[in-house]
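This report refers to the structure that appears directly beneath it.
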Amino acid sequence: MSRNNAPHVTVHETIPCRVLVGRGARHEIPGEIGRLGAQRVLLVATRSAQAAADQLAEALGTRLAARFDGPVVHTPVAVTAEAMKIIGETGADSVVAIGGGSAVGLAKALSARTGMPQVAVPTTYAGSEVTPVLGETENGVKTTRRDQAIAPGTVVYDPELTLTMPVGLTLTSSLNALAHAVEALWAPDATAATDALATEAAAGILTMLPAVLDDPSGPAGRERLQESAWLAGLCLAQTRMGLHHQLAHALGGTFGLPHAELHALLLAHVLAFNLPGAPKADARLRRITGGDPVTVVGRLARSHDGPTTLGALGVPRDGLRAVAERIAAQPYPNPRPPEAEALTRLLEEAW
Ligand code: NAD
């Protein structure tokens, strides 16, 4: 109770989800489909997951209704409509998604339209598989909705499916996951549970990522990174994200930028801006990094051999001020007030 006796209550809501974790977990998928009582599976996979999709298709045999190999980033509704047509033609009663956030997003969109059960088999660290959030795009406009029914009921984490991630994607996708954990630490609705998830996720990513970048095919490091990304995804599901996600959403939507690369290059700049106003996050990240989190994360981000600045991603410098003003005009919880002047400086640094 606060001094004026007004109750100070935070609601921590978890979403029912069955999670399988471990090397070879993908071989359990046919059994999981049986548990769901499904007879006709639509298999959604990106080309990067073709080998795993082929293997699953064979294991499913006559229970495979159809395959759809065309998920696209940010879930365009036109692509979802194509997949819906296949569902109509084949009588599919369930969907399995293998791939990054794009494949998982499509399965969520299909499930939202049909109520069909979904099994998500992520191959990146995006975390979408454990969130009740769906972002969809139509005519270049992204709309996001949140509904517990959107979250996949079954998630299969098989670290062997992440061994093919190129070094660049490993780095940017890990920093994308780290951003979920960091924002949960300074979230207004953080609880003891989300603090624990976020701290463990950040520790796993920051200690394991350098080793995995040195030896991308080492399964042990991959296992810990994937587990950390799972916990980070739970942070994304259970807390309100702050400035980092607002910036990524505004910049990504305005200029059509790649998801993980954008998150990766922004994070150190947002840390530098927010940590002075977020003592708990600062203390925990300092303990994990044994130094200055801004320096450590910045060094990791700059080691990417792809674009590491907004300028290199193709953002026009004269477009930064408008993004800063738009964000400053929509107040939302953040440890430091996001004023347009200061935000413009942050974006110019990132440019
Ligand atoms: P992605 O799914 O678009 O994948 C990026 C690229 O990596 C693709 O070319 C893909 O084929 C390839 N790839 C994926 N896994 C691979 C692997 N193991 N080996 C080799 N290549 C691989 O990108 P993403 O960053 O995973 O997801 C981004 C999408 O997810 C966006 O649409 C974003 O909006 C969404 N997202 C949603 C949520 C949510 O909670 N709703 C959370 C995070 C991300």
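Taking residues in region 243-271 that are among the β-branched types (Val, Ile, Thr), and partners anywhere that are within 13 Å of the ligand (Cβ to nearest atom), the pairs with Cβ atoms closer than 7 Å and at least 6 places apart or on different chains are Val270/His244.
Condition check ((1) of a type outside the set (Phe, Trp, Tyr); (2) under 22 Å from Ala177 (Cβ atoms); (3) away from the ligand (no atom under 16 Å from the Cβ); (4) touching a strand residue (DSSP E or B) at 6+ places or on another chain (Cβ under 9 Å)) across all residues:
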position	(1), (2), (3), (4)
Gly61	yes, no, yes, no
Leu64	yes, no, yes, yes
Thr90	yes, no, yes, yes
Asp93	yes, no, yes, yes
Val96	yes, no, no, yes
Ala107	yes, yes, no, yes
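When Arg224 is tested against (1) buried (at least 20 other Cβ atoms within 10 Å of the Cβ); (2) without any contact (Cβ under 8 Å) to a residue 40 or more places away in the chain; (3) of a type in the set (D, E, K, R), only condition (1) is not met. Consider region 55-70 and keep the residues that are among the charged types (D, E, K, R) and under 15 Å from Val95 (Cα atoms). The one that is surrounded by the fewest Cβ atoms within 10 Å (Cβ to Cβ) is Asp69. The numbered conditions (1) among the hydroxyl-bearing types (Ser, Thr, Tyr); (2) in contact with a helix residue (DSSP H, G or I) (Cβ under 6 Å, 6 or more places away or on another chain); (3) more than 8 Å from the ligand (Cβ to nearest atom); (4) not assigned by TED's automatic domain parsing to the domain that holds Ala211 are all true for Thr123 except (3).
One residue alone among Ile33, Ile86 is surrounded by 21 or more Cβ atoms within 10 Å (Cβ to Cβ), in a helix (DSSP H, G or I) and away from the ligand (no atom under 16 Å from the Cβ), and that residue is Ile33. Can you name the residue in region 229-245 that is more than 16 Å from Ala203 (Cα to Cα) and among the hydrophobic types (A, V, I, L, M, F, W, C) and, of all such residues, is farthest from the ligand (Cβ to nearest atom)? Ranking the qualifying residues of region 229-245, first place goes to Leu243. On the basis of being of a type in the set (Lys, Arg), away from the ligand (no atom under 16 Å from the Cβ) and surrounded by fewer than 21 Cβ atoms within 10 Å (Cβ to Cβ), does Arg40 make the cut? Against the criterion (of a type in the set (Lys, Arg), away from the ligand (no atom under 16 Å from the Cβ) and surrounded by fewer than 21 Cβ atoms within 10 Å (Cβ to Cβ)), Arg40 qualifies.
Out of the residues in region 135-178 that are modelled with pLDDT of 95 or more and part of a strand (DSSP E or B), which is farthest from the ligand (Cβ to nearest atom)? Among residues in region 135-178 that are modelled with pLDDT of 95 or more and part of a strand (DSSP E or B), the one farthest from the ligand (Cβ to nearest atom) is Thr154.
The values are calculated or read from the model by the stated rules, or taken from the named source; none is laboratory data. Here the structure is a predicted model, which is why all the values come from computation and not from measurement. So basically every Cβ, Gly included, is an ideal-geometry build from the backbone, and we count neighbours across all protein chains shown.
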